[in-house]
1. In the range 248-279, how many residues are part of a loop (DSSP other than H, G, I, E, B) and surrounded by 15 or more Cβ atoms within 10 Å (Cβ to Cβ)?
2. Taking Leu336 as meeting all but one of (1) crowded, with 19+ Cβ neighbours inside 10 Å; (2) part of a helix (DSSP H, G or I); (3) of a type in the set (A, V, I, L, M), write down the number of the exception.
3. Arg104: among the charged types (D, E, K, R), farther than 22 Å from Phe235 by Cβ and at pLDDT below 85, yes or no?
4. So, in the range 74-92, of the ones that are closer than 18 Å to Ile114 by Cβ and touching a residue at least 40 places away in the same chain (Cβ under 8 Å), which residue ends up surrounded by the most Cβ atoms within 10 Å (Cβ to Cβ)?
5. Name the residues in the range 275-306 that are hydrophobic (A, V, I, L, M, F, W, C), free of Cβ contacts under 8 Å to residues at least 24 places away in the same chain and more than 20 Å from Leu336 (Cα to Cα), would you?
6. Please tell me if Leu266 is touching a residue at least 40 places away in the same chain (Cβ under 8 Å), within 15 Å of Val160 (Cα to Cα) and not small (Gly, Ala, Ser).
7. Does at least one position in the range 204-212 carry a residue that is assigned to a loop (DSSP other than H, G, I, E, B) and either touching a residue at least 24 places away in the same chain (Cβ under 8 Å) or touching a His at 6+ places or on another chain (Cβ under 9 Å) (or both)?
8. What residue, among those in the range 297-327 that are hydrophobic (A, V, I, L, M, F, W, C) and not in a loop (DSSP other than H, G, I, E, B), is surrounded by the fewest Cβ atoms within 10 Å (Cβ to Cβ)?
Amino acid sequence: MFLFDFFWSLWESLVHIMTFSRNPQNNKLSIHVKSNTGNSVDVDLDPQWDIGTLKEAIAPKIGLPADDMEIILAGKSLDDSTTIADCDLGEQSVLHAVKSHGQRQRRSRPLNQIMSDLVEENDALPASVSEIDENHDTVQPSPAELDGKPQKPQQAHFYVYCATCMTNNLGNPTLPLKPKEGKLRVRCSSCKSGAIQLDSDPASWSDVLERTRITGDCQEQGCSDGPVAWAEFYFKCAEHVPKSENESEAVPLYLIRANSRSTPCLACMDIMDTVIVFSCAHTICLDCFNDYITSKIRERKFVLDDDVGYSLLCPVGCEGSLITEIHHFRLLAPHLYNMY
C-alpha cells in the first residue's frame, strides 16, 4: 500500500508539472507600456507576438491608432515585424508608445542586437574609457555576414553588480558572489525619460561609456531639450523584477564577458562560458579570478592608485592592466570583501 501511494503521488506530480508547462498563460510576459500623452497600460504579452500585434492590442487603451504609433525600447523605434522574444525584455519591463512622426522612421534592429556586434568585435570592454582606441572599436561584419550566411539575431551579454540581488539577498557569507546579467537601456539625460529615439546607433563602446556622444529626440511632453537631447546609456539587472521604473541602476562590470572566442583561462587552461578579460587581453575564468583576488586580499597585496583606490593588475602584472571599476571586487565572499 505504501508503494502504491508513493507511485500515485509521483504520477500526480508529473501530471501537474506537464499541465503547468502546457498552460499558455505561463508563457506570458507582463510589461508596462507608457505613452507620452499620460496614458499607460499593463499588458501580458506572448513572447512570439510581433510589435504590430502589440500596437493593435494597446491602441484602444492608450488612445493612439496603431498605424500612428511607434514603440520605443532603449532608444530604438521597433519595427512592426520584430518579435517580443528578440527585444531583451523581462518581467515589468517598460516600453514607450509615442505618436509617429512621418518624416522620422528610424526603425532598425533592437539595441541589444546592435550591441552584440560590438561585443563580438572587441576582445573586451575597456578598463576605462580613456583606453578606447577609436580606430579599433567600430562595428565590423562578422565572418558569417561576409560569407553571406543568414544569422539568427544575437543578444549581447552584459554583466553587472546589482545591490538588490548581490547585497540584500546574501546566502552563505563565506562563498564568492556571482555577477548578474544586465540589460542596456537608454534615457534622456535631461528629463530621464525612456521615450527618446537615438539619432544614430552606437558605433563604438565609447559611444556607450562616455556621456554626450549620441543625440536623440526626446518625445516626453515638457522635456526642455526635446529634439536636441543627449542620450544617456545605463544598465539594469535582468535577474529580478524591478519594484519601479526608477529603481537604482546596476553597475556594469566591464571586464566580465561571454567567452565567445573560447579563450582558455590563463590559470587553469579550461575554456569557460564566462571570463574576465583584462585590458591587456589576458583572460581568466571567474573561479580563478576569485582565487586570485582572495589570495591578494588575504596577503594584503592590493596596490593603491591615486585615482582608483585599492586595486589589482592582471595576474601577470602587465602595465596598464589595473582594474579601474572596483565593483569587480564585489565578487569576493562577503566576509572577505569586508576586509577590502
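1. Going through the range 248-279 one residue at a time, the tally reaches 13.
2. Leu336 satisfies all of (1) crowded, with 19+ Cβ neighbours inside 10 Å; (2) part of a helix (DSSP H, G or I); (3) of a type in the set (A, V, I, L, M) except (1).
3. The answer is yes for Arg104.
4. Gly75
5. Residue satisfying the conditions is Val275 alone.
6. Working: touching a residue at least 40 places away in the same chain (Cβ under 8 Å): yes; within 15 Å of Val160 (Cα to Cα): no; not small (Gly, Ala, Ser): yes.
It is false that Leu266 is touching a residue at least 40 places away in the same chain (Cβ under 8 Å), within 15 Å of Val160 (Cα to Cα) and not small (Gly, Ala, Ser).
7. Looking only at the range 204-212, we keep the residues that are assigned to a loop (DSSP other than H, G, I, E, B), and these are 204, 210-212.
Those left that are additionally either touching a residue at least 24 places away in the same chain (Cβ under 8 Å) or touching a His at 6+ places or on another chain (Cβ under 9 Å) (or both): 204, 210.
Yes, that holds for at least one residue.
8. Looking at the filtered set, the residue picked out is Leu304.
The values are calculated or read from the model by the stated rules, or taken from the named source; none is laboratory data. On a predicted model such as this, the values are computed, not experimentally measured, just so you know. Don't worry about glycine lacking a Cβ; one is built from the backbone with ideal geometry, like all the others, and counts go over all protein chains shown.
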